[in-house]
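Below is one structure, written out as structure tokens; the observations come after it.
The values are calculated or read from the model by the stated rules, or taken from the named source; none is laboratory data. Note that this is a predicted model, so its numbers are computed, not measured. Neighbour counts are summed over all protein chains in view; Cβ atoms, including those assigned to glycine, are modelled from backbone coordinates with ideal geometry. These area figures cover heavy atoms from the full protein model, side chains too; ligands, DNA and RNA do not enter into them. Shrake-Rupley method; radii C 1.70, N 1.55, O 1.52, S 1.80 Å.
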Amino acid sequence: MRRKLPAGPPVLALTLVLVMALAGCAGGSGRQPAPQPRAERGFLSTYVQSDGRVTRPDQGGDTVSEGQAYGLLLAEAAANSGAFSRIWQWTRDHLQLPNGLFAYHANAAGQILSRQPASDADLLMAWALLRYRGPGAAAIHAEGRRVAAAVLAHEVTTGPGGTPILAAGPWATGRPASLDPSYWSLTAMNGVAALTGNPRWRRLANGAVTLTRRLTQGGRVLPPDWAELTASGVIQPEPAPNGSQPQPQYGLDAQRVVVWFASSCDAQARQLAARWWALLKPGERAQATVLHPAGTVIDPAEAVLPLVASASSAYAAGAPGAGRHLLQRASQVQRKYPTYYGGAWAALGPALLSGSTLGGC
């Protein structure tokens, strides 16, 4: 079972020069931030070792499959095929399982601590491999197709009306099924659909929007870190399956939902991201590490990802000034308190929202 530890990424030489790009649909309504190549390069130079292992120095120097996937995407965004090749080689050699998926957790020596796959890492890994345009692309694309097929075979469950749903991993597909809505990267799902020609991926993306709308009451509450699909087909928020959360919450998992939806080409997803702005407007809620889905602050500690998520919602709602301010604050927090997770999202957020290096419509 997977659970993200709070915090994360590198000391990025992030000076988010938040020059506003052209208005339109690269991932939301309103004007979007320009891509930040220095943030991408900063993550790669700070958190990726020479052999391609992505480390979490603020969490004991360990490695998670999610981090390897983030590294691949940021290497591609930075047009660094050498880093991409090293990250993929290490990932394949140390984390890939015989079925094509990836073990979630390894220690600082590269020894596997948990063989359970996490479907967000597997999805993003497939997307990154399929998007790759550097040397040896044909072989890398074949690897991407293998991973994409493994996700469909082992990590997808069926919801109401036959809706396919990406579960949290192979362990989570039964009844009740454990779901982490932040694993539902719409851009990745639609990207894999386009690159493989398999329409099941678009059905997964469309279903994710429908289910998230249901979980958030049409955008009146925030998405939860975790949800459950019951034996009777009801989907509802739930505490973390490993008991680390006493109640459903909007925390360092769910905040990624806002970024994925605000940067999506799906108009309904962007509308949801815009509606969440009413609950995330600047103030304590915009920066808080944990909120109740109704917006009450649970943990007011400031962190990078909640700021990036709130900025994403602001852009979707047509409030670029607030979005710019929040991203500037995220940059300041990351410089002052550098973490693996913060560094990753300080780089991924602008790259996704700009649509010029990751995604785009």
Checklist line | Protein-only accessible surface order, largest first, of S313, S81 at 1.4 Å | finding: S81, S313
Check: Once the piece of chain linking A138 and V297 is laid out straight, how much longer is it, given 0.36 nm per residue of separation minus the C-alpha distance between them?
Finding: 52.4 nm
Next item on the list: Please work out the average accessible area per residue across segment 248-322, using the 1.4 Å probe convention, and give it in Å².
Entry: 28
Next item on the list: Provide the solvent-accessible area of Y341, counting protein heavy atoms only and rolling a 1.4 Å probe, rounded to the nearest 10 Å².
Entry: 10
Notebook entry, point to check: Share of Cα-Cα pairs in segment 151-281 beyond 19 Å, in percent?
Noted result: 45
Next item on the list: Evaluate the distance, in nm, between pseudo-label points positioned 7 Å from the Cα of Q268 and of V234 along their respective Cα→Cβ axes.
Entry: 2.3
Item checked: Estimated FRET transfer efficiency (A149, D93; beta-carbon r; R0 22 Å; 0.05) -> 0.60
Note to self: Name the residue from A194, G162, Q247 whose Cα lies farthest towards the positive end of the charge dipole of the chain, charges +1 on Cβ of Lys and Arg and -1 on Cβ of Asp and Glu.
What the structure shows: A194
Next item on the list: Whenever you get a sec, line up E155, E284 from highest to lowest accessible area (probe 1.4 Å, protein heavy atoms).
Entry: E284, E155
Note to self: Give me the dipole magnitude in Debye, nearest 20, for the chain about the Cα centre, with unit charges on the beta carbon: positive for Lys and Arg, negative for Asp and Glu.
What the structure shows: 660
Checklist line | the chain - convex hull of the alpha-carbon atoms, volume per residue in Å³ | finding: 112
Next item on the list: Can you tell me how much longer the chain between E284 and W171 gets when fully stretched, taken as 0.36 nm per residue apart minus their C-alpha distance, in nm with one decimal?
Entry: 37.1 nm
Notebook entry, point to check: Length gain on complete extension for the stretch R38 to S356, per 0.36 nm per residue less the alpha carbon to alpha carbon distance?
Noted result: 113.0 nm
Next item on the list: Could you tell me what percent of the accessible area of the chain is made up of carbon and sulfur, with a 1.4 Å probe and every protein chain present?
Entry: 52
